[in-house]
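A.B. asks: One structure, pasted below without further comment.
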Amino acid sequence: MRVALAEDSVLLREGLIRLLEEADCEVVAAVGDGDALIEAVTQARPDVAVVDVRMPPSYTDEGLRAALTIRDQVPGTAVLVLSQYVEESYAGDLLATGGGVGYLLKDRVADLDELSDALERVAAGGTVLDPTVVAQLFAGRRARPVQRLTAREREVLGLMAQGRTNAAIGRALVITPKAVEKHVSSIFDKLDLPPSGDDHRRVLAVLTWLREGDVPAS
(Lines give C-alpha, C1' and ligand atoms only; values in the text may rest on other atoms or scores of the structure.)
Protein backbone atom coordinates (compact mmCIF):
# COMPACT_ATOMS: atom_id res chain seq x y z
CA MET A 1 0.00 0.00 0.00
CA ARG A 2 1.40 3.41 -1.02
CA VAL A 3 0.93 6.17 1.57
CA ALA A 4 1.51 9.94 1.65
CA LEU A 5 1.87 11.42 5.14
CA ALA A 6 1.43 14.96 6.49
CA GLU A 7 2.49 15.75 10.08
CA ASP A 8 4.12 19.03 11.14
CA SER A 9 6.01 17.58 14.12
CA VAL A 10 9.26 16.09 12.82
CA LEU A 11 9.43 13.66 15.74
CA LEU A 12 5.88 12.39 15.22
CA ARG A 13 6.35 12.28 11.46
CA GLU A 14 9.41 10.06 11.76
CA GLY A 15 7.58 7.83 14.22
CA LEU A 16 4.61 7.49 11.88
CA ILE A 17 6.90 6.69 8.96
CA ARG A 18 8.38 3.80 10.94
CA LEU A 19 4.93 2.57 11.98
CA LEU A 20 3.67 2.71 8.41
CA GLU A 21 6.70 0.81 7.16
CA GLU A 22 6.13 -1.82 9.85
CA ALA A 23 2.57 -2.07 8.53
CA ASP A 24 4.06 -3.00 5.11
CA CYS A 25 3.29 0.41 3.59
CA GLU A 26 5.49 2.32 1.16
CA VAL A 27 5.69 5.94 2.31
CA VAL A 28 5.92 7.84 -0.98
CA ALA A 29 5.89 11.29 0.67
CA ALA A 30 6.23 12.70 4.18
CA VAL A 31 5.54 16.43 4.47
CA GLY A 32 4.83 19.03 7.13
CA ASP A 33 1.78 20.96 5.89
CA GLY A 34 -1.48 20.59 3.99
CA ASP A 35 -0.42 22.32 0.77
CA ALA A 36 2.61 20.07 0.47
CA LEU A 37 0.38 17.03 1.00
CA ILE A 38 -1.98 18.09 -1.79
CA GLU A 39 0.99 18.50 -4.13
CA ALA A 40 2.47 15.14 -3.08
CA VAL A 41 -0.82 13.30 -3.61
CA THR A 42 -1.34 14.94 -7.00
CA GLN A 43 2.11 13.86 -8.16
CA ALA A 44 2.59 10.47 -6.46
CA ARG A 45 -1.05 9.24 -6.50
CA PRO A 46 -0.82 7.16 -3.27
CA ASP A 47 -3.51 4.72 -2.19
CA VAL A 48 -4.00 6.54 1.14
CA ALA A 49 -3.23 10.02 2.45
CA VAL A 50 -2.62 10.14 6.22
CA VAL A 51 -2.94 13.65 7.62
CA ASP A 52 -2.98 15.44 10.97
CA VAL A 53 -5.99 17.76 11.47
CA ARG A 54 -4.05 20.69 12.96
CA MET A 55 -1.04 21.95 11.03
CA PRO A 56 0.68 25.26 10.14
CA PRO A 57 0.06 28.09 9.85
CA SER A 58 -2.96 28.44 12.18
CA TYR A 59 -3.02 24.95 13.69
CA THR A 60 -6.80 24.70 13.39
CA ASP A 61 -8.15 22.67 10.47
CA GLU A 62 -5.50 22.89 7.74
CA GLY A 63 -5.14 19.11 7.60
CA LEU A 64 -8.85 18.56 7.26
CA ARG A 65 -9.14 21.15 4.51
CA ALA A 66 -6.26 19.48 2.69
CA ALA A 67 -8.04 16.12 3.04
CA LEU A 68 -11.26 17.55 1.60
CA THR A 69 -9.32 19.11 -1.30
CA ILE A 70 -7.64 15.79 -2.03
CA ARG A 71 -10.99 14.01 -2.06
CA ASP A 72 -12.27 16.59 -4.55
CA GLN A 73 -9.22 16.91 -6.80
CA VAL A 74 -7.84 13.36 -6.72
CA PRO A 75 -10.92 11.10 -6.58
CA GLY A 76 -10.27 7.60 -5.39
CA THR A 77 -7.60 8.59 -2.87
CA ALA A 78 -8.47 7.20 0.56
CA VAL A 79 -7.88 9.53 3.51
CA LEU A 80 -7.07 8.73 7.13
CA VAL A 81 -7.23 11.82 9.36
CA LEU A 82 -5.46 11.84 12.72
CA SER A 83 -6.34 14.12 15.62
CA GLN A 84 -5.24 14.68 19.20
CA TYR A 85 -8.80 15.48 20.24
CA VAL A 86 -12.37 14.48 19.36
CA GLU A 87 -13.56 16.96 16.72
CA GLU A 88 -17.17 16.01 15.92
CA SER A 89 -17.68 18.45 13.04
CA TYR A 90 -14.44 17.30 11.40
CA ALA A 91 -15.63 13.70 11.45
CA GLY A 92 -18.91 14.72 9.83
CA ASP A 93 -17.26 16.81 7.10
CA LEU A 94 -14.94 13.96 6.24
CA LEU A 95 -17.67 11.31 6.09
CA ALA A 96 -19.71 13.55 3.80
CA THR A 97 -17.13 12.90 1.05
CA GLY A 98 -18.17 9.21 0.85
CA GLY A 99 -16.41 5.92 1.49
CA GLY A 100 -12.68 5.48 1.80
CA VAL A 101 -12.21 7.81 4.76
CA GLY A 102 -11.20 7.40 8.39
CA TYR A 103 -10.84 9.49 11.55
CA LEU A 104 -8.62 8.22 14.35
CA LEU A 105 -7.24 9.71 17.54
CA LYS A 106 -3.43 9.78 17.52
CA ASP A 107 -3.23 7.55 20.57
CA ARG A 108 -4.89 4.80 18.53
CA VAL A 109 -2.24 4.66 15.79
CA ALA A 110 0.43 3.57 18.27
CA ASP A 111 -1.21 0.15 18.00
CA LEU A 112 0.22 -1.35 14.81
CA ASP A 113 -2.69 -3.76 14.32
CA GLU A 114 -5.20 -0.92 14.77
CA LEU A 115 -3.37 1.26 12.26
CA SER A 116 -3.01 -1.56 9.72
CA ASP A 117 -6.70 -2.44 10.02
CA ALA A 118 -7.76 1.19 9.54
CA LEU A 119 -5.55 1.63 6.49
CA GLU A 120 -6.81 -1.56 4.88
CA ARG A 121 -10.44 -0.62 5.44
CA VAL A 122 -10.21 2.93 4.07
CA ALA A 123 -8.11 1.73 1.11
CA ALA A 124 -10.88 -0.77 0.33
CA GLY A 125 -13.47 2.02 0.32
CA GLY A 126 -14.76 1.58 3.86
CA THR A 127 -15.16 4.12 6.63
CA VAL A 128 -13.41 4.16 9.99
CA LEU A 129 -14.35 6.19 13.07
CA ASP A 130 -12.36 5.99 16.27
CA PRO A 131 -14.35 4.14 18.97
CA THR A 132 -13.75 7.08 21.34
CA VAL A 133 -15.38 9.43 18.83
CA VAL A 134 -18.31 7.06 18.45
CA ALA A 135 -18.77 6.76 22.21
CA GLN A 136 -18.63 10.52 22.77
CA LEU A 137 -21.09 11.25 20.01
CA PHE A 138 -23.60 8.73 21.28
CA ALA A 139 -23.18 9.86 24.90
CA GLY A 140 -24.30 13.42 24.23
CA ARG A 141 -26.89 13.03 21.51
CA ARG A 142 -30.60 12.52 21.27
CA ALA A 143 -31.62 13.00 17.67
CA ARG A 144 -35.12 12.72 16.25
CA PRO A 145 -34.17 10.16 13.57
CA VAL A 146 -31.76 8.24 15.77
CA GLN A 147 -34.26 8.33 18.64
CA ARG A 148 -36.36 5.84 16.69
CA LEU A 149 -33.66 3.20 17.01
CA THR A 150 -33.67 0.47 19.63
CA ALA A 151 -30.71 0.02 21.98
CA ARG A 152 -29.44 -2.89 19.87
CA GLU A 153 -29.79 -0.87 16.65
CA ARG A 154 -27.75 1.92 18.24
CA GLU A 155 -25.04 -0.62 19.04
CA VAL A 156 -25.07 -1.82 15.44
CA LEU A 157 -24.93 1.77 14.13
CA GLY A 158 -22.02 2.51 16.45
CA LEU A 159 -20.07 -0.41 14.99
CA MET A 160 -21.05 0.64 11.47
CA ALA A 161 -19.57 4.06 12.26
CA GLN A 162 -16.30 2.33 13.10
CA GLY A 163 -16.34 0.81 9.60
CA ARG A 164 -17.16 -2.73 10.70
CA THR A 165 -18.66 -5.23 8.27
CA ASN A 166 -21.80 -7.19 9.08
CA ALA A 167 -19.68 -10.22 9.91
CA ALA A 168 -17.53 -8.21 12.33
CA ILE A 169 -20.62 -6.67 13.93
CA GLY A 170 -22.08 -10.13 14.44
CA ARG A 171 -18.91 -11.32 16.16
CA ALA A 172 -18.73 -8.23 18.37
CA LEU A 173 -22.36 -8.48 19.50
CA VAL A 174 -22.51 -12.30 19.45
CA ILE A 175 -25.49 -12.42 17.09
CA THR A 176 -26.06 -14.19 13.80
CA PRO A 177 -25.34 -12.61 10.40
CA LYS A 178 -29.05 -12.77 9.65
CA ALA A 179 -29.81 -10.82 12.83
CA VAL A 180 -27.25 -8.18 11.84
CA GLU A 181 -28.83 -7.84 8.40
CA LYS A 182 -32.22 -7.40 10.03
CA HIS A 183 -30.92 -4.66 12.35
CA VAL A 184 -29.13 -2.85 9.51
CA SER A 185 -32.28 -2.97 7.37
CA SER A 186 -34.31 -1.60 10.26
CA ILE A 187 -31.80 1.23 10.76
CA PHE A 188 -32.10 2.19 7.10
CA ASP A 189 -35.90 2.17 7.32
CA LYS A 190 -36.06 4.22 10.53
CA LEU A 191 -33.58 6.77 9.19
CA ASP A 192 -35.54 7.06 5.92
CA LEU A 193 -32.75 5.73 3.72
CA PRO A 194 -34.34 3.79 0.82
CA PRO A 195 -32.24 1.64 -1.53
CA SER A 196 -30.30 3.68 -4.09
CA GLY A 197 -27.75 2.87 -6.74
CA ASP A 198 -26.12 6.26 -6.26
CA ASP A 199 -25.71 6.39 -2.47
CA HIS A 200 -23.84 4.37 0.17
CA ARG A 201 -26.53 3.83 2.81
CA ARG A 202 -24.12 2.81 5.57
CA VAL A 203 -22.26 6.11 5.19
CA LEU A 204 -25.54 8.05 5.02
CA ALA A 205 -26.77 6.37 8.22
CA VAL A 206 -23.66 7.51 10.09
CA LEU A 207 -23.96 11.00 8.57
CA THR A 208 -27.57 11.26 9.73
CA TRP A 209 -26.42 10.57 13.26
CA LEU A 210 -23.50 13.02 13.05
CA ARG A 211 -25.43 15.87 11.43
CA GLU A 212 -28.70 15.65 13.33
CA GLY A 213 -27.44 14.36 16.65
CA ASP A 214 -27.72 17.77 18.30
CA VAL A 215 -31.42 18.14 17.49
CA PRO A 216 -33.30 17.92 20.83
CA ALA A 217 -35.89 15.21 21.25
CA SER A 218 -39.51 16.36 21.36
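A.B. asks: Out of everything in segment 23-44 that is assigned to a loop (DSSP other than H, G, I, E, B) and open to solvent by less than 40 Å² (accessible area, probe 1.4 Å), what residue ends up being farthest from ASP117 (Cα to Cα)?
C.D. replies: Only one residue tops the list, namely GLY32.
A.B. asks: Take the conditions within 21 Å of THR208 (Cβ to Cβ), touching a helix residue (DSSP H, G or I) at 6+ places or on another chain (Cβ under 9 Å) and modelled with pLDDT under 90 and apply them to VAL109. Does it pass?
C.D. replies: no
A.B. asks: Within segment 128-137, is there a residue that is of a type outside the set (Ser, Thr, Tyr), modelled with pLDDT under 90, open to solvent by less than 10 Å² (accessible area, probe 1.4 Å) and in a strand (DSSP E or B)?
C.D. replies: The answer is yes; a qualifying residue exists.
A.B. asks: Please go through segment 45-66 and pick out each residue that is buried (at least 24 other Cβ atoms within 10 Å of the Cβ), farther than 20 Å from ASP117 by Cα and of a type in the set (Gly, Ala, Ser).
C.D. replies: Selection gives GLY63, ALA66.
A.B. asks: Scan segment 77-97 for residues that are part of a loop (DSSP other than H, G, I, E, B) and at pLDDT 90 or above and jot them down.
C.D. replies: Selection gives THR77 alone.
A.B. asks: Please name all residue pairs, on different chains or six or more residues apart, with Cβ atoms under 8 Å, provided the first residue is in segment 102-121 and is over 17 Å from ARG2 (Cα atoms) and open to solvent by less than 10 Å² (accessible area, probe 1.4 Å) and the second residue is among the hydroxyl-bearing types (Ser, Thr, Tyr) and in a helix (DSSP H, G or I).
C.D. replies: Correct list of pairs: TYR103/TYR90.
A.B. asks: Identify, please: which residue in segment 1-18 is part of a helix (DSSP H, G or I) and among the charged types (D, E, K, R) and is, among those, most open to solvent (accessible area, probe 1.4 Å)?
C.D. replies: My answer is ARG18.
A.B. asks: Filter segment 42-71 for residues that are in contact with a strand residue (DSSP E or B) (Cβ under 6 Å, 6 or more places away or on another chain) and of a type in the set (Asp, Glu); which is modelled with the lowest pLDDT?
C.D. replies: Taking the candidates together, the pick is ASP52.
A.B. asks: Could you tell me whether ASP72 is in a helix (DSSP H, G or I), of a type in the set (Asp, Glu) and either over 20 Å from GLY163 (Cβ atoms) or open to solvent by 60 Å² or more (accessible area, probe 1.4 Å) (or both)?
C.D. replies: Spelling it out, ASP72 is indeed in a helix (DSSP H, G or I), of a type in the set (Asp, Glu) and either over 20 Å from GLY163 (Cβ atoms) or open to solvent by 60 Å² or more (accessible area, probe 1.4 Å) (or both).
The values are calculated or read from the model by the stated rules, or taken from the named source; none is laboratory data. All values reported here derive from a predicted model rather than from experimental measurement. Note: ideal-geometry Cβ built from the backbone for every residue, glycine included; neighbour counts use all protein chains shown. Surface areas here come from the heavy atoms of the whole protein model, side chains and all, with no ligands, DNA or RNA. Shrake-Rupley method; radii C 1.70, N 1.55, O 1.52, S 1.80 Å.
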